[in-house]
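Q: Quick one: structure below, then a few questions.
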Amino acid sequence: QVQLVESGGGLVQPGGSLRLSCAASTNIFSMYDMGWYRQTPGKQRELVARVTSGSRTIYADFVKGRFTISRDNAKNTVYLQMNSLKPEDTAVYYCNIWGTDRWGQGTQVTVSA
């Protein structure tokens, strides 16, 4: 089974930046659309961004202009560059193989002064 491992979360001040990484254990990574989601306690998991197999990107309105999703097929890795972070971006961030129930373990992002 494909495993997804996220990394790069942490504590950052408002206005700061973080880059999340998600490494996939598959040799056909390039064929998958990939998504980043986030979840806070008591709320449903929500889509943050998606990158297609052809590297087209789609963003939730609340991160447009601040976050960038990208992929490196040679490294089987998808990234989420997060800039101008706000306290409301605090959540556990998960990566996902689009349209499947393949999820990583999540990485905590906390934006606080």
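Q: Just the residues that are assigned to a loop (DSSP other than H, G, I, E, B) and at pLDDT 95 or above, please, taken from the range 1-15. Lay out the reasoning, then the answer.
A: Filtering the range 1-15 for residues assigned to a loop (DSSP other than H, G, I, E, B) gives 1-3, 8-9, 13-15.
The answer is GLY8, GLY9, GLN13, PRO14, GLY15.
Q: Exactly one condition in (1) open to solvent by less than 60 Å² (accessible area, probe 1.4 Å); (2) more than 20 Å from THR52 (Cβ to Cβ); (3) touching a Gly at 6+ places or on another chain (Cβ under 8 Å) is not met by GLY16; state its number.
A: With (1) open to solvent by less than 60 Å² (accessible area, probe 1.4 Å); (2) more than 20 Å from THR52 (Cβ to Cβ); (3) touching a Gly at 6+ places or on another chain (Cβ under 8 Å) applied to GLY16, the lone miss is (3).
Q: Is there any pair linking a residue in the range 44-68 that is among the basic types (Lys, Arg) to one that is at pLDDT 95 or above and in a loop (DSSP other than H, G, I, E, B), with Cβ under 8 Å and at least six apart or on different chains, and which?
A: ARG50/ASP33; ARG66/ASN83; ARG66/SER84; ARG66/LEU85
Q: Would you mind telling me which numbered condition in (1) assigned to a strand (DSSP E or B); (2) touching a helix residue (DSSP H, G or I) at 6+ places or on another chain (Cβ under 8 Å); (3) of a type outside the set (Lys, Arg); (4) open to solvent by 20 Å² or more (accessible area, probe 1.4 Å) GLN108 fails?
A: Condition not satisfied by GLN108: (2).
Q: Which one is nearest to GLY106 (Cα to Cα), of the residues in the range 13-46 that are within 16 Å of the chain's Cα centre (by Cα) and among the charged types (D, E, K, R)?
A: ARG38
Q: Taking the range 25-80, which residues are basic (Lys, Arg), open to solvent by less than 60 Å² (accessible area, probe 1.4 Å) and under 20 Å from VAL92 (Cβ atoms)? Walk me through how you get there before you give the answer.
A: The initial filter retains those residues of the range 25-80 that are basic (Lys, Arg), namely 38, 43, 45, 50, 56, 64, 66, 71, 75.
Next, only the ones that are open to solvent by less than 60 Å² (accessible area, probe 1.4 Å) stay: 38, 50, 66, 71.
Residues satisfying the conditions are ARG38, ARG50, ARG66.
Q: Mind listing just one residue for me: the one in the range 81-94 that is assigned to a helix (DSSP H, G or I) and open to solvent by 40 Å² or more (accessible area, probe 1.4 Å) and, of those, farthest from GLY16 (Cα to Cα)? Show your work before the answer.
A: First pass over the range 81-94, keeping only residues assigned to a helix (DSSP H, G or I): 87-89.
The next check asks that each one be open to solvent by 40 Å² or more (accessible area, probe 1.4 Å); those that pass are 87-88.
Values: PRO87: 10, GLU88: 13 Å.
Among those that are assigned to a helix (DSSP H, G or I) and open to solvent by 40 Å² or more (accessible area, probe 1.4 Å), it is GLU88.
The values are calculated or read from the model by the stated rules, or taken from the named source; none is laboratory data. Everything quoted here is computed from the prediction, not taken from an experiment. Cβ atoms come from the backbone with ideal geometry, glycine included; neighbour counts cover every protein chain shown. The area values use the complete protein model at the heavy-atom level, side chains included, leaving out ligands, DNA and RNA. Shrake-Rupley method; radii C 1.70, N 1.55, O 1.52, S 1.80 Å.
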